[in-house]
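Below: one structure, written as structure tokens.
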Amino acid sequence: MADLASRITKPDEEPAPAAPAAETKLDGDEEVGSALVDATYDVEIKLSDLQNEEGNPLYSVKSFEELGLPKSINDGLLAMNFKKPSKVQETALPLMLANPPRNMIAQSQSGTGKTAAFVLTCLTRVDLNQKTTPQALLLAPSRELARQIQGVILSIGQFCGDLTVVAAIPGAVARDTKVEGSIVVGTPGTVIDLIKRNQFDTKNLKVLVIDEADNMLDMQGLGDQCLRVKQKIPRTTQILLFSATFPDKVMSFAEKYAPSANQMRLKHNDLTVKGISQMYMDCPDQDKKYDILCKLYGLMTIGSSVIFVRTRESADEIKRRMESDGHKVSVLHGAYEGVNRDTLLDDFRSGRSKVLITTNVLARGIDVSTVSMVINYDIPMKGPGEREPDAETYLHRIGRTGRFGRVGVSISFVYDKRSYQALTYISNYYGIDLVQLSPDDWDETERKVQDVLKSSRAKPDYAPNAIKVD
Amino acid sequence: MAGSPPSRPRSFQYTSPSRTISEILGEDRNSEVRHKLRIETAWKEHERVREDAERALREHNQKEEQRRLLEEKRREEERIRRDEQIAAERIRLNALKAKKVEIPPVLPDPEPPKAPPAAPVAKAPESAPSPTPATATTPQLNNLLNGTTAQKTPAPLGQPAPNPFGAPPKPSPFTQASLQTAIGNLQVQSKEPVAPTPRPQPPVAQRPAPVPIDRYTIIHTNLKALRTLMTQQAKVNKLLKQRMGDMRRDIRKSVGQLTGGPAGTNRQQQNKIMENLREALANQVGSQLVDPNDYLLEPRSYAQGGQQSPEKLPSLFLYLLNQFAKAAISQFVNEASARPETADPVGVCIAATFSDPNFQWRGQSLIDILMAKFRIVCPVLFGFRGSEKTLEGRKRLGWKKEHGSWVDEQVHMDRMTGLGAGFAAVSLRNFSKTKKVNPYPPRNYWTAMAKIVNTPSPEISNTQAVVLKAMIQNYEQKFLEHYGSAAIAALRMCLFEFPARVPAGSQSAAINSLGVLATQLQRDSGLVLT
């Protein structure tokens, strides 16, 4: 922007000579700038004036090339239409790629490029000439997520020659075969089994990544297994923990798991992606929810959508109703297993079906970029008897939309006092304002939804800028 | 076997036609005469069979030959037809190239040249031969970045400035009154359809342009006015109000439900859309009638197939067609932006709907309604250009503003990706197997592509690169089917020569993506362009 000053040739209302100071004001305040908008000459401006979003988690001043990635990897990113690193990538990548390697605990909002960040680290760290030696291990809480990460590695690494990525998920590795690939992605249980049976040689591992780390390190769940994996790998392995949420009780354990790690943390109320417009639908009673659900699809342009329900029965019933309304629907819940689940999700991922109805099994991590609406058909609850509102699950659910800066909508259904109170608790917890929708006048509801969509990205508080690096 | 006569079957009944029992038992049955006679007979029979066989063979060969000739003729005709097509497109491409290079140097300037030139402008586009160097230092220079300048008449240097001090520009007489209502960031462009005046030095034999390209922005404005008209009607027309919203939402939902898959996958959705449009056309709710010419690039007279078409059409029908177009564009922006391949079923649906004779008027489709929207949201497809670093440039590129601030760069580029793919999905449809007429034939794709790749080097923008990539990816096959080897040449230009022309230092991820796409094409479909 060396010739910036030379290009300012602005005849102002008062014929003052153009000064760079006046010019930098251009964008922020429209009422002053409006005369300029009508002008017919061009004034070059700084990017920071065009986009005043330093705090935007997707904002970045660097390019991938500046981060020092090899050309083969950079080409993979270009093929995937990634043009610039996101905040978490820009901030975390240099730290993760630095030598000697240091551990990392990184938190960033859903859909801001965490997966790409750790995949880039793995691809950069492994020696691709050693095709049969596992050098990076990535752990995820579900087979779907593991397969998804495998897909991302293969996409970004599409120009990296003979890249071999093994999925260590139930049923994928035969009993007497060795795990032979530069990178292994799996679920903790299967990985432990493979190590125990000497199928998986861990002594050359350079990187261990744990995705959805808060969920994985929870001692009531997969924490124990993750601990056992750690005991089986070299002490020099670099450990990277990633998640959108890190509740305090998990954090202290995470710090022990990944000692002296660099950390990127977010504040409580910066957690939700502001690009997702969050609304709720006031349903007169439980039975009306089906019809209202179908009506929602006419209110706005929807690519794919995910509907979260509590029970398998209602999932199947909703599928029936929606199919008769012309939708192509996939249902995925615990009753489906293994390869069946893969096929169902692949249908959704590829767009053969555009509606996915699911129970909580898929709340986390699944990234289908075209999802533009998430529906909480039932408000997420937890604890014994499902009495307690589940704020974390809510966040992960709505994070299935609004991926990488795209517009997304979440609509939660309430119909009685209990569901209303649960949603109120969640909205208070994150400090978000939910927009109320009503099924009485669809013209009016449509107008309201359109207004919300228009303002979604332009809210003045769209700046969750609390990313800090310790 | 081909040359030999067929062997005679044993049971042939003519074996010894003259042989009867009496003969066999006769005295002279072993006499020499009898013997000779029998040889004679046998020989004649042999000759007869042989001639029969030879004739059959000759006939067969003749038929074969005839068939071969016909086939050859057909193939030859096909080849000639293809060659002609290619030649025609080449000529068109050349014409376009020639046209682009010679951008008229001077512009009529609505601004006063009052501002003191702060400094000599650093970067004068080399492509602009400037016989009046004085203007090169004035602020209008940057207007050259606008693709629209090609249509403007260069004004004499001393032209009085009609619009001093950056006051809001007045609408030109060509724009309609309704334009004033309008479209903030497009005012600059909508001023410009003053174009039909010929340029001073036409570089090639110029086709008279009966309609300036920016008729599209006028259509767009008229469509906005139509929307207002509908809201007003709905206030007084209960029946209309009851149906209008439901029909609109029905169409939007159906467009959203379209998915890829084998033929027939989207029949239910297609029928639903058509059903709503037919209902609107029947106009039982009694919406006002309006003149479709307001939404067309060129007016259609009664003589042009007007015999079947009424003078005016129900406003509800045009409104819904507009909503359908809007839903499609929105689907491109919101869905195809993330996954470009989702544009294709929408493109099929658009082609099917606009080519339906029921929804045509005076013998042609009403697709201008859709294209007017494309023109607004993705101007680079129509040859408009601009710098991403300037306000005006961004506006010309269709960079969206929301609540006063520009949308994020990634968001803009995603939009352009979706729209580029959407444009290809609409303009590269194959109508060879149907009797219907393609409402937006492939030549439009070629033209849009040419307008992008013929951009003078200093004016090439990332937006153009992104749109170009999206137009090509997943559509290289269809492009090749329509244009054959000319398509290969065009792809080479798009993916190698075009990015190579970008000035050093201006290389970007978007520009580099074009080269990566070429690598992908070679890897995935074996298409070698180098």
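Could you tell me the center-to-center distance, by alpha carbons, between the stretch B:422-476 and the stretch B:339-390 in angstrom?
Going from one Cα centre to the other spans 11 Å.
Take the Cα atoms of the stretch A:93-140, build their convex hull, and give its volume per residue in Å³.
97 Å³
Taking a 1.4 Å probe, which of A:Tyr415, A:Tyr394 shows the most accessible area, and what order do the others take after it?
From most exposed to least exposed: A:Tyr415, A:Tyr394.
Given the pairs A:Lys295/A:Lys382; B:Lys253/B:Lys312; A:Lys328/B:Lys436; A:Lys295/B:Lys373; B:Lys401/B:Lys436, which are separated by over 32 angstrom at their Cα positions?
With Cα atoms farther than 32 Å apart: B:Lys401/B:Lys436.
Within a 10 angstrom radius of each residue's Cβ in B:508-520, how many Cβ atoms of other chains show up on average? Whole number is fine.
What the average comes to for B:508-520 is 4.
Find the centroid of the Cα atoms in the stretch B:51-69 and in the stretch A:157-181, then give the distance between the two in whole Å.
64 Å
Determine, at each q value in 0.08 (inverse angstroms), the log₁₀ of I(q)/I(0) that the Debye formula gives when each Cα of the stretch A:65-266 is one equal point scatterer.
-0.23
When the expected Rg is taken as 2.2 N^0.38 Å, what fraction or multiple of it is the alpha-carbon Rg of the stretch B:30-103?
2.81
Residues of the stretch B:335-368 with accessible area at least 20 Å² lower in the all-protein-chain context than alone (1.4 Å probe)?
B:Glu335, B:Ala338, B:Arg339
Over the whole of A:399-406, what's the average partner chain Cβ count within 10 Å per residue? Rounded to a whole number, please.
Average per residue, whole number: 2.
Which percent of the accessible heavy-atom area of the stretch A:319-470 goes to carbon and sulfur, probe 1.4 angstrom?
After summing per-atom areas, the C and S share lands at 47 percent.
Chain pair A, B: how much accessible area is buried, both chains summed, with a 1.4 Å probe, in Å² to 100?
Its buried surface, counting both partners, is about 6500 Å².
Taking the solvent-accessible surface of protein heavy atoms with a 1.4 Å probe, what is the per residue accessible area of the stretch A:276-455 in Å²?
That works out to 38 Å² per residue.
Could you check the spin-label model distance between B:Gln477 and A:Asp176? Points 7 Å from the Cα along Cα→Cβ, value in nm.
4.2 nm
Compute the accessible area per residue over the stretch B:310-427, keeping the other protein chains in place, probe 1.4 Å, unit Å².
I get 19 Å² per residue for this part.
If each Cα of the stretch A:121-229 is one equal point scatterer, what is log10 of I(q)/I(0) from the Debye formula at q = 0.18 Å⁻¹?
Each listed q maps to, in turn, -0.83.
How much accessible surface does B:Glu497 have with a 1.4 Å probe, in Å² rounded to 10?
That residue has around 90 Å² of solvent-accessible surface.
Comparing the chain by itself with all protein chains present, which residues of the stretch A:291-327 are at least 50 Å² less accessible (probe 1.4 Å)?
Those residues are A:Gly298, A:Thr301, A:Gly326.
Ignoring ligands, DNA and RNA, what accessible area per residue does the stretch B:30-103 give at 1.4 Å, in Å²?
84 Å²
So what's the net charge close to B:Glu51: Lys and Arg +1, Asp and Glu -1, counting the other residues with Cβ under 12 Å from its Cβ?
+1
For the stretch B:395-488, what is the Kirkwood hydrodynamic radius in Å, using each pair of distinct C-alpha atoms?
14.6 Å
Which peptide among A:195-205, B:46-56, B:336-346, A:78-88 comes first, and what is the full order, when sorted by highest mean count of other Cβ atoms within 10 Å?
The densest-packed peptide leads the list: B:336-346, A:78-88, A:195-205, B:46-56.
Using the Cβ atoms and a cut-off under 10 Å, what net charge is assigned to the surroundings of A:Phe253, where Lys and Arg are +1 and Asp and Glu are -1?
Every neighbour counted, the sum reads -1.
Under the definition of partner shielding as Cβ atoms of other protein chains within 10 Å of a residue Cβ, what is the mean value for peptide B:248-258?
Other-chain Cβ atoms within 10 Å of each residue's Cβ, averaged: 6.
What accessible area, in Å² to the nearest ten, does a 1.4 Å probe give for A:Ser350?
Accessible area of A:Ser350: about 50 Å².
Over the Cα atoms of the stretch A:276-455, what Rg and Dmax result, in angstrom?
15.2, 44
The values are calculated or read from the model by the stated rules, or taken from the named source; none is laboratory data. Nothing here was measured: the structure is a model prediction, and the numbers come from that model. Neighbour counts run over all protein chains shown; Cβ positions are idealised from the backbone, glycine included. Note: accessible area is taken over every heavy atom of the protein model, side chains too, but ligands, DNA and RNA are not part of it. Shrake-Rupley method; radii C 1.70, N 1.55, O 1.52, S 1.80 Å.
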